[in-house]
Amino acid sequence: MKGPTGSEYVYSMLTRNVVIDGSFDLKRTVRTLGVGRFDDDGCWWWATRTSEGLATIGVEETSEGVASNAWGPGAPEILERLPRLIAADDDYSLGTVNQPMRDILARARGLRLGSTGDVHEAIVTAVLGQVVTKTEGKRSLRSITKVFGIDAPGPNAMTRVFPSPDALAGLSYDDLHSHGVERKRAATIIEVSRRSKRLEEILTMNTDDARSRLLAVRGIGEWTAGIVMGQAYGDRDALPIGDYHLPNMVSWALAGEPRGDDDRMVELLEPYRPYRRHALIAIKQAGISAPKYGPRTATRTHL
């Protein structure tokens, strides 16, 4: 395999198995993280940076939980973070639920909410999803990672490490424009990359202070902050306010109302505090969508 400089290098493989009590579904769980990908054999792969260096992890579901392998100088650290990554120790409950939510939870059985601990990747990925379709955002993410990321340690040649804050901080608008990123989002990506160390500090803060620090950055609004607080910080109550589809989806799923706004979504999810994000994602993963009227709306400005 090739290292970041193109030289040959080999790292020993480390392994860790985690036993998980209760219902668990690897695909449902890691889909909430916004990172990594599955191969054809059902193994989930993610490459990241740790305090000790690069790491690649491969995770497979077993009858008792998960089995994982990791490579790179950061392998011990990423394996230590594994239980948090897949929410292996979750023991929370949504409490008393109504019949619609009871059915939804049954359809989203095995869903758990882990967190990556990678604030920079979560912010940039969320910013790339602003004001564009999901397909466009993913296309930009793949393109930027391919060009500005680096090869990951380990046997999976298709795995790339997301670009470092330094790599993106040194770019210009023109550098990002060719990857489908207009000036406003490019400016935000460059800014959060330059301020990455300060933003990473949210992992040591309480929820309110962490969210406030995110919102203090130009280009990060309620929608982006909600995504980051969930995926990177691990706030199980975080909601992405300002989404085009979610209020309608929640209103239809929980109240049979084909249309709703952010206030109505928050009202309907209030009984599930402090696990509103779990309720929201369960609705999404249950495949529920509100009736569609009129022409399809491509995007909505959400920050």
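Residues of the stretch 51-68 being surrounded by 19 or more Cβ atoms within 10 Å (Cβ to Cβ) and within 23 Å of P163 (Cα to Cα), which ones?
The answer is L54, A55, T56, I57, G58, V59.
Does any residue of the stretch 219-228 turn out to be in contact (Cβ under 8 Å) with a residue 60 or more places away in the chain, out of contact with any Pro (no Cβ under 9 Å at 6 or more places or on another chain) and in a helix (DSSP H, G or I)? Full working, then the answer.
Step one: list which residues in the stretch 219-228 are in contact (Cβ under 8 Å) with a residue 60 or more places away in the chain, which gives 219-224, 227-228.
Going one step further and asking which of them are out of contact with any Pro (no Cβ under 9 Å at 6 or more places or on another chain), we end up with 219-221, 228.
Next, only the ones that are in a helix (DSSP H, G or I) stay: 228.
Yes: one or more hits.
Does V97 meet the test of being hydrophobic (A, V, I, L, M, F, W, C), over 22 Å from L269 (Cβ atoms) and touching a residue at least 24 places away in the same chain (Cβ under 8 Å)?
Against the criterion (hydrophobic (A, V, I, L, M, F, W, C), over 22 Å from L269 (Cβ atoms) and touching a residue at least 24 places away in the same chain (Cβ under 8 Å)), V97 does not qualify.
Which of the residues that make up the stretch 32-66 are assigned to a loop (DSSP other than H, G, I, E, B), touching a helix residue (DSSP H, G or I) at 6+ places or on another chain (Cβ under 8 Å) and touching a residue at least 40 places away in the same chain (Cβ under 8 Å)?
T32, L33, G34, V35
Here are some conditions: (1) crowded, with 19+ Cβ neighbours inside 10 Å; (2) touching a strand residue (DSSP E or B) at 6+ places or on another chain (Cβ under 9 Å). D41 meets all but one. Which one does it not meet?
(1)
Which residues, counting only those in the stretch 153-173, are part of a loop (DSSP other than H, G, I, E, B) and within 23 Å of T56 (Cβ to Cβ)?
P153, G154, P155, N156, A157, M158, T159, F162, P163, S164
Tally time: how many residues in the stretch 139-163 are surrounded by fewer than 16 Cβ atoms within 10 Å (Cβ to Cβ) and either among the hydrophobic types (A, V, I, L, M, F, W, C) or touching a residue at least 24 places away in the same chain (Cβ under 8 Å) (or both)?
Final tally of qualifying residues: 5.
Give the residue that is nearest to the chain's Cα centre (by Cα), with candidates limited to residues of the stretch 118-152 that are assigned to a helix (DSSP H, G or I) and acidic (D, E). Break it down into steps so the answer makes sense when it comes.
Of the stretch 118-152, the ones assigned to a helix (DSSP H, G or I) are 119-128, 134-148.
Next cut, acidic (D, E) only: 121, 136.
Working: E121: 9, E136: 17 Å.
Selected residue: E121.
Looking at I123, I86 in this structure, which one is buried (at least 20 other Cβ atoms within 10 Å of the Cβ) and over 27 Å from V19 (Cβ atoms)?
Among I123, I86, only I123 is buried (at least 20 other Cβ atoms within 10 Å of the Cβ) and over 27 Å from V19 (Cβ atoms).
For the stretch 93-117, what are the residues that are surrounded by 20 or more Cβ atoms within 10 Å (Cβ to Cβ), part of a loop (DSSP other than H, G, I, E, B) and of a type outside the set (G, A, S)?
L111, R112, L113, T116
Mind checking whether some residue in the stretch 179-199 is free of Cβ contacts under 8 Å to residues at least 40 places away in the same chain, within 30 Å of S93 (Cβ to Cβ) and out of contact with any Pro (no Cβ under 8 Å at 6 or more places or on another chain)?
no
Can you give me the ranges of the helices (runs of 4 or more DSSP H) entirely in the stretch 245-300 with at least 1 residues that are exposed (fewer than 13 other Cβ atoms within 10 Å of the Cβ) and either modelled with pLDDT of 95 or more or not assigned by TED's automatic domain parsing to the domain that holds E136 (or both)?
It comes to 262-269.
Working carefully through the options I189, I241, find the one that is under 20 Å from R49 (Cα atoms) and within 18 Å of the chain's Cα centre (by Cα).
Going through I189, I241 in turn, the sole match is I189.
The values are calculated or read from the model by the stated rules, or taken from the named source; none is laboratory data. Since this is a predicted model, take the numbers as computed values, not measurements. Cβ atoms come from the backbone with ideal geometry, glycine included; neighbour counts cover every protein chain shown.
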